[in-house]
Amino acid sequence: MKTSSAIHHKLLEYIDGSLTAAEALALEQQLKTDLALRARLKELQASHTTLRTALPREQPSRDFTLKVMENLNYAPSQEAAQPIRKSILLLAGALIAAVGTAILMASGFFDSVTTTLDLNAMKPADLVKDTVPTLNINARILVNAVIIGNIVIAFIVLDRTVLKPFFQKRLSS
Amino acid sequence: MIIDPDHSVIDRILSGDQAAYAELVNKHKSYAFTIALRILQTRPDAEEAAQDSFIKAYHNLRSFNRQAKFSTWFYRIVFNTAVSYKRRQRQHFQDIETTVIHYGQEAEGILEKTDKKKYIAKALLALNEADRTALSLFYLEEFSMEEIAEITGMQTNTIKVRLHRARLRLAEELKTMLNHEAITL
């Protein structure tokens, strides 16, 4: 019998003791009658015990602490600067896209841009017998969605790269 | 308020006792190195990433707000540092196959003290780096799913799914290995 993914997860939660009492009882009832499930539980329990007791913890070099202490007064590598630079570029890109499309929108560029999507022409005729509606797509709605999307992205980037670090720094000082 | 013995050591460091930092390094170095090694798979890179993490943590110790355990905050630095080292490794077009063999041989050399450890080290190689890391965080230091999510910056549900998948995969790998061993005996 092939045990499903959901029951596997349940078995792991049972091993971890994170099932509710009712769920654990239901599983125990199932285990009484299902030999394959019981065998699977034994396998998972064995693997769990092995990992708990013998998962290898690696040891660094003997002079590890000495090296760290010697280098404490040097500034750490500036890898963090690169993601910040990327985030600022992303923020600028999102704002430029939002402002650009808003200007085009205000000038009426998208007012007359509409298209019709005929779903009847695309439907698989042998599977769908009924007539499906034809969609009229207005470019203004799509562009509005793009502008809102860009503004949301800009706010998220602004929050994560500028506001959050700023307030965290203020709080800690 | 979290009671963490590391907090008193941090107080000493912040009041000017720089040498006290060695206590934190000695306490966390093995685990930091293990996490870095799970991600980077080569000992020199893992050593460098772990040392870099300790130096970063030292320079940012004032920004540690003590609402969490020091270990959770620090291992997040280790995780992020190792991941950025990994990106650098990829940029250098490192031959993955060579790395895996190198790690396997090295891991075997260190771990052949016990068969169990040898099998686990081999089985871990079948997992991807994120699953290996989640598994190490869960079993080595017995972090909760929420703490692992905090360290890795992932959602708790994502961690739960990843961890379950890794545990199932590892159980399969161990079973296959042991069956194979029994056949070849």
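The values are calculated or read from the model by the stated rules, or taken from the named source; none is laboratory data. Just so it is clear, the model here is predicted, and its values are computed rather than measured. Don't worry about glycine lacking a Cβ; one is built from the backbone with ideal geometry, like all the others, and counts go over all protein chains shown.
Residues that are surrounded by fewer than 15 Cβ atoms within 10 Å (Cβ to Cβ) and at pLDDT below 90 number at least 1 in the following helices (runs of 4 or more DSSP H) confined to region B:37-114: B:70-91, B:96-111. The residue that is farthest from residue A:51 (Cα to Cα), among those in region A:18-38 that are in a loop (DSSP other than H, G, I, E, B) and more than 27 Å from the chain's Cα centre (by Cα), is A:34.
Before we move on, is residue B:173 at negative phi, part of a helix (DSSP H, G or I) and touching a residue at least 12 places away in the same chain (Cβ under 8 Å)? Considered against the rule, which asks whether it is at negative phi, part of a helix (DSSP H, G or I) and touching a residue at least 12 places away in the same chain (Cβ under 8 Å), residue B:173 comes out as yes. Every condition in (1) surrounded by fewer than 20 Cβ atoms within 10 Å (Cβ to Cβ); (2) under 28 Å from residue B:121 (Cβ atoms); (3) of a type in the set (A, V, I, L, M) is met by residue B:14 except one, and the failing one is (2). Of the residues making up region B:137-166, those that are at pLDDT 85 or above and closer than 13 Å to residue B:35 by Cα are B:137, B:138, B:139, B:148, B:151, B:152.
Taking the criterion of being more than 10 Å from chain A (Cβ to nearest Cβ), out of contact with any His (no Cβ under 7 Å at 6 or more places or on another chain) and of a type in the set (S, T, N, Q), the residues of region B:1-57 that qualify are B:8, B:15, B:41. Out of A:102, A:121, A:106, A:94, one residue alone is at pLDDT below 90, farther than 30 Å from residue B:141 by Cβ, more than 10 Å from chain B (Cβ to nearest Cβ) and crowded, with 17+ Cβ neighbours inside 10 Å. It is A:94.
Pick from A:101, A:50, A:65: which is closer than 30 Å to residue B:175 by Cβ and part of a helix (DSSP H, G or I)? Walk me through how you get there before you give the answer.
On the way: A:101 fails: closer than 30 Å to residue B:175 by Cβ; A:65 fails: closer than 30 Å to residue B:175 by Cβ.
Every option except A:50 fails the conditions.
Here is the figure for region A:19-74: residues that are among the hydrophobic types (A, V, I, L, M, F, W, C) and at the interface with chain B (Cβ under 10 Å from one of its Cβ atoms) total 10.
The C-beta contact set for region A:34-46 (first residue without any contact (Cβ under 8 Å) to a residue 12 or more places away in the chain and closer than 15 Å to residue B:173 by Cα, second residue assigned to a helix (DSSP H, G or I) and charged (D, E, K, R), distance under 8 angstrom, 6+ apart or interchain) comprises A:43/B:175.
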